[in-house]
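This report refers to the structure that appears directly beneath it.
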Amino acid sequence: MKTKKRRIARTAAAAVLLFFCTSGAIFAAYIISGPSGGRISLIPVSNVNCRGEMTASPQMINTGQSVTFQLKDGGSPGNFTGHAKTHNGTAEYRFAGVSRFLIVVEGREYFSDRAVHRFSKAGTYEAKGYITFRWTTSKNKIRAGYPPSYFRTLILSRTIRVTDLEEAAEGENTKEQTEPAEEEKEKEADAEPQTPIIVGTVSHTTAWEENRKKFNAFCRKRNLPQWVRPPEVFWSGEQFVLSADVFSEEEPGAVRVFIEGTDYRTRLYRKDGRWMGTLFDGSMIRRWGQNGKQPLNFIFSAVVGGSYCEDRKVIYVDDRQPYWLMHRKE
C-alpha cells in the first residue's frame, strides 16, 4: 500500500513545478511556482529571482520558553514576460507585491510575517515559512485567455532544538551521544524533500450542474454560442462544492479552503476516501460577475507531518446572463 501511495504521489508531483533558488538566508530554499486560471498555458518562468529570509530567536531553548519567528521578503523581484505554450503570444506580468505570509510550527498555522510559538516538549523541530509573491497582467490579456495572476511561493525553514533542564545539565557528553553520525548526516543532506501534495476541485451542486447544461442547450438552440458556460463558470450565489485529494505518507489533520482576498473560508471533512465540503454565504449573491466574467481563487491547504502544502483553483462568476431559476439560489 505504501509503495502504491508513493507512486501516486510521484505522479501527482509531476504537475508541480519546483525551482531551486538561493535565498537571503544561510540555507537553500525552494520555490513552488505556477499561474492562476486562464485557458492559455504559460511556459514555466525561470528568470524571476524571489528572495527572503526567516529568522528565529532563539534557536535553542528550554521547554516552556517561546521562540519568535520572523519572515521578511527581499523586495521586488521585478516584472516578467509570460510566453504562451501553444503560440508566439506573450503577456506582461507586473509584480503586485506579497500576497501572503505563512509560518507553520508543529502543525499550527500563523498567517502573518511574525509568530511567537511556545514548545511544550523537548525535541528537534522544523519551522517553515512561506512567502507568496504575486504578479498580475492587464485586463486585455485576461480577456484573451492569459492567467490573471502568477504566483511564486518561497519556502524557508529553521530548526529549533528544545531541551529540558535535566538534559541541559548533563553537559557535552549527552550532546555527543545524541548527535547523529557523520554518515547519517550526509544521507539526510542528500535526501530529497518529501513534500505532500494537495489537489483541490471546485464544482457545482447537482442541481446547478443540470441548470448549466439546460442553459447551454437553450443558448445553442438560439444560436448564442458566446453565452455557453463551461464547467468553471458559476452564477453569483451558487453553493460551491469542494473536494480535495492529499498525496502523502500520512493523513493531514485538516484540509482548509478559503477564497483569496475574502473572509470566506471553510474546513473539509474526510468522506469516502476524499476530503469534502461546501462553501456558501448569503452575501455572495450578486457580489461578483455583474459586469463580466470575474475570477475567484480558491486556496486549498493542509499540514502533513509539519509540512505545508497548498493548491490554487480558479473559477469564474458571470451574472451577465441571469438564469431563470436564480430566485431559487442554493
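Quick note: the coordinates plus some simple rules give every number you see, no bench work behind them. Everything quoted here is computed from the prediction, not taken from an experiment. Virtual Cβ from ideal backbone geometry, glycine too; neighbours counted across all protein chains shown.
With a 10 Å Cβ neighbour count serving as the proxy for reagent exposure, in which order, fewest first, do VAL105, VAL303 appear?
So the ranking, lowest neighbour count to highest, is VAL303, VAL105.
Please report ASP318, ASP281, ASP311 as a ranked list, fewest other C-beta atoms within 10 angstrom at the top and most at the bottom.
Details: ASP318 18, ASP281 13, ASP311 22.
Placing the least packed residue first, the sequence is ASP281, ASP318, ASP311.
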Residue order, fewest to most surrounding Cβ atoms within 10 angstrom, among HIS204, HIS87: HIS87, HIS204
When each of LYS85/LYS213; LYS214/LYS313; LYS141/LYS221; LYS85/LYS293; LYS139/LYS293; LYS85/LYS128 is checked by Cα-Cα distance, pairs over 22 Å: LYS85/LYS213; LYS214/LYS313; LYS141/LYS221; LYS85/LYS293; LYS85/LYS128
